[in-house]
Every structure is written in structure tokens, then in C-alpha cells.
Amino acid sequence: MDKEVDIYTTVQGDMWDSISFKVYGEDKYSKELTRTNPKYSNIIIFSGGIDLICPDISNIDSSTTPPWR
């Protein structure tokens, strides 16, 4: 069974870090968003109406957690 893909539709003035904050509650995942959406990686300030794929960050979080935690 395929996992449902999360999509974020941009609004005028969105930037990678602000999208990360809106979607994940933290701006530190902007790099993951950019890597998942390479077609838009050259955009700094978005226009409205662009659909971006939002990766599952649960795996990212566990890989950056120190082994003692």
C-alpha cells in the first residue's frame, strides 16, 4: 500500500524556510523540501499556486538524533 503524499500549495511570498515552518513547525527542513522538489530549487520567493511535495521527516529526525537518545 502506498503512503499518501503530502502536498503544500504555495501562497505569494512563500520562501523555503517559511514553508518548512508552516508544514513542520520548524524552518530547519527547508533543505529537505528543496531536495524533494528540484524543479523549483532555483526559486527564492514563490508565487502562489505551486504544489510542492512535502517529504516525511520522521526518518530524517531519527537519523539526526544522537544514538544515546
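Overview of values
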quantity: Test: residue in the stretch 28-36 that is touching a Lys or Arg at 6+ places or on another chain (Cβ under 9 Å), modelled with pLDDT of 95 or more and surrounded by fewer than 17 Cβ atoms within 10 Å (Cβ to Cβ); calculated: no
quantity: Qualifying positions in the stretch 1-52 - outside any helix (DSSP H, G or I) and among the charged types (D, E, K, R); calculated: D2, K3, E4, D6, D14, E26, D51
quantity: Long-range neighbours under 7 Å by Cβ, at least six apart or interchain, first residue at positive phi within the stretch 33-58, second at pLDDT 95 or above and surrounded by 10 or more Cβ atoms within 10 Å (Cβ to Cβ); calculated: G49/T9; G49/T10
quantity: Subset of the stretch 40-60 that is under 13 Å from the mean Cα position of the chain (by Cα) and small (G, A, S) - its residue that is nearest to M15 (Cα to Cα); calculated: S41
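The values are calculated or read from the model by the stated rules, or taken from the named source; none is laboratory data. Values in this document were obtained by computation on a predicted structure and should not be read as measured data. Ideal geometry is used to build each Cβ from the backbone, glycine not excepted, and the neighbour counts take in all protein chains shown.
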